[in-house]
2 protein chains.
Amino acid sequence: MRSYHDACGMAHALDLVGERWALLVVRELVLGPKRYTDLRADLPGISTTVLAHRLDELEQTGVVRRRRLAPPAGSTVYELTDWGQELEPVIRQLGRWGARSPTRRRDAHLSAAGLVLSLRTNYQPDGSDGFAATIELRLGEDRFTATVRDGQLAVVRGGADEPDAVIEGAPGVLAGVLCGGRCLREAILANDLSVRGDSSAIRRFLSQFSLSEPVSGPPPPIDSPEKTPPRRLPRE
Amino acid sequence: MRSYHDACGMAHALDLVGERWALLVVRELVLGPKRYTDLRADLPGISTTVLAHRLDELEQTGVVRRRRLAPPAGSTVYELTDWGQELEPVIRQLGRWGARSPTRRRDAHLSAAGLVLSLRTNYQPDGSDGFAATIELRLGEDRFTATVRDGQLAVVRGGADEPDAVIEGAPGVLAGVLCGGRCLREAILANDLSVRGDSSAIRRFLSQFSLSEPVSGPPPPIDSPEKTPPRRLPRE
DNA sequence: CAGCATCCCGATTGATACTG
DNA sequence: CAGTATCAATCGGGATGCTG
């Protein structure tokens, strides 16, 4: 296994999860166990070879665990270990940084896990009056339950028993509305999204996610010669 | 340029800084600008080809900026842009995670930047009485000034004017004492470290860094069959 | 069909040498 | 000092094959 041979914690973290696709595999598992085939489906572009390799390595290093489900399911799933689960803050902080990139394509594919993590990251209660709601999110095959209470957001996998509302649509569409500034009504009219239930709860829910503005556009193409004088020498 | 074609912020972040060595280059620049040759020296194992590639890419994506120093220095340095500088929390969180790995080699090479970042990460004031001190760290060629005041730590590049104490030694040795539990006196006797100045300030300073304990040893080699019953099906 | 293993090929990396 | 050039080794991606 390749290594940076560096005692720095970050360098060692990259020994473990710095290989191509590794952190995306972890991202897909943050919300719960998945089967090999579902991982492959949720990571468009990964090859079966690479996925198998990454899962092996992540298992060997104690980030991921394989488990066979009890009968009658019988299938094998991959899940994060407790330590692997602690990568979630890392993933969210990296996501918060990358989301502000001027070169990010907001129209690219978005997995359900990607959307839910961005919800967790971008949630910001507005006025802190006691708004509470349970919203079921139907993202393709996957269902999630988002619960807002006391200015806290929780999103877990699985449908809700008695949701105040249900929102159904592709993750990318929902992201466009939640974090990309797209108009909800327009998305519904375009048949990209469908909603049911308490529409005022939906509106309040949607309004509680902050749009992360990209940093100032692409960097100036040419370096302006004398605008920023050298601040200091690289060495003493 | 290779991309995951994923709208998730984290995936895009990896498009930008996920290539091999990229984040280590950023780490080396977090404390201030550096020249090409110094980067190469501080990143043992990187090839000149890859370093040149990474710097090109990081410059194109607006993470790093090249600058020619004013005469008489005249040399070219690389420095983080404001946005690139915002990777520091990401690097620290990744470092905090990786530092707890059971497979991390604490005896490997450690760069001055790696040490200083781990200081910033692991600082935890103990009893909050008004301890204040200025300590100069001499790490090979590089000097840093660590200032503790009001339960806050600041470490900046450059020597101190009137430090309360001076500590000199290799970054790895200092890390062993600060975060690895090695005895200061023993390190001095072994001639790995030298100190000058207020020795009680040094002792108090050193005691304010928390040892991050590794997570429970290497994962169990064989999966115990029935110990953790399956929690749920991967799909509804 | 789930869960890989194999083979092939182009892209990336790393070691070394070389240049302005 | 600050890179570029070259080349072998490795890695990633795509297609396909295999096995229960």
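Think of segment B:9-86 as having a plus end and a minus end, set by charges on the Cβ of Lys, Arg, Asp and Glu; of B:HIS12, B:GLY45, B:SER75, B:SER75 sits farthest toward the positive end of this dipole. Across the copies of the chain, B:PRO72 has label points (7 Å from Cα along Cα→Cβ) spaced 8.6 nm apart, shortest distance listed first. Simple point charges give the picture: +1 on the Cβ of Lys and Arg, -1 on the Cβ of Asp and Glu, and for the protein assembly as shown a dipole about the Cα centre of about 620 debye. Restrict the search to segment A:98-176; then list the GluC sites (Glu not before Pro) that DSSP places in a loop and that have at most 15 other Cβ atoms within 10 Å of their Cβ. Sites meeting the loop and neighbour criteria: A:GLU141.
When chain B is turned onto chain A, its residue with the beta carbon nearest the axis, and that distance in whole angstrom, is B:GLN93, 3. What separates the B:SER210 label point from its copies, with the point 7 Å along Cα to Cβ, is 2.4 nm, written shortest first.
Pairs of Cα atoms nearer than 8 Å and 6+ residues apart set the relative contact order; for segment A:8-111 it is 27 percent.
Computed from phi, the 3J(HN,Hα) profile of segment A:146-161 under the Karplus parametrisation 6.51, -1.76, 1.60 (θ = phi - 60°) reads 9, 10, 10, 7, 6, x, 10, 10, 10, 10, 10, 6, x, x, 9, 6 Hz, with x in place of Gly and Pro. Dipole check for chain B: with +1 at the C-beta of Lys and Arg, -1 at the C-beta of Asp and Glu, and the Cα centre as origin, the magnitude is about 440 Debye. Convex hull of alpha carbon positions in chain B: directionally averaged projected area 18.7 nm². Between this copy and the others, label points of A:ASP56 are 3.3 nm apart in ascending order, each placed 7 angstrom from Cα in the Cβ direction. The value given for segment B:102-186 is a Kirkwood hydrodynamic radius of 13.5 Å, derived from the mean inverse Cα-Cα separation.
The contact residues of segment A:1-19, meaning those that lose at least 20 Å² of 1.4 Å-probe accessible area when all protein chains sit together rather than their chain alone, are A:ARG2, A:TYR4, A:HIS5, A:ASP6, A:ALA7, A:CYS8, A:GLY9, A:MET10, A:HIS12, A:ALA13, A:LEU14. As a fraction of the 1.4 Å probe accessible area of the protein assembly as shown, surface on carbon and sulfur atoms comes out at 49 percent.
Suppose every Lys and Arg Cβ carries +1 and every Asp and Glu Cβ carries -1, with no other charges. What dipole size does segment B:9-86 come out with about its Cα centre, to the nearest 20 debye?
300 debye
Below 8 Å between Cα atoms, with a sequence gap of 6+, how large is the relative contact order for chain A in percent? With pairs under 8 Å counted, the relative contact order is 15 percent.
Computed with a 1.4 Å probe on the full set of protein chains, the accessible area for A:VAL148 sits at about 0 Å². Couplings for segment A:84-96, taken from phi via the Karplus curve 6.51 cos²θ - 1.76 cosθ + 1.60 with θ = phi - 60°, read x, 4, 6, 6, 4, x, 4, 4, 5, 5, 4, x, 4 Hz in order; Gly and Pro are left as x.
Shown for segment A:131-145: no residue is covered by the partner protein chains by 40 Å² or more of accessible area relative to the chain by itself (probe radius 1.4 Å).
Heavy atoms of chains A and B lose about 6800 Å² of accessible surface on contact, summed over both sides with a 1.4 Å probe. Would you mind working out the accessible area per residue for the protein assembly as shown, using a 1.4 Å probe, and quoting it in Å²? That works out to 49 Å² per residue.
Rounded to the nearest 500 deg cm²/dmol, what is the calculated helix-only ellipticity per residue at 222 nm for chain B, with -39500 (n - 2.57) per DSSP H run of length n ≥ 4?
Details: 10 runs with 85 residues, N = 236.
Theoretical 222 nm ellipticity from helices: -10000 deg cm²/dmol.
The values are calculated or read from the model by the stated rules, or taken from the named source; none is laboratory data. Bear in mind that the values here come from a model prediction, so they are computed numbers and not experimental data. Methodologically, a virtual Cβ is constructed for each residue, glycine included, from the backbone with ideal geometry; neighbour enumeration extends over all protein chains shown. Accessible surface is based on the protein model in full, side chains and every heavy atom, while ligands, DNA and RNA are left aside. Shrake-Rupley method; radii C 1.70, N 1.55, O 1.52, S 1.80 Å.
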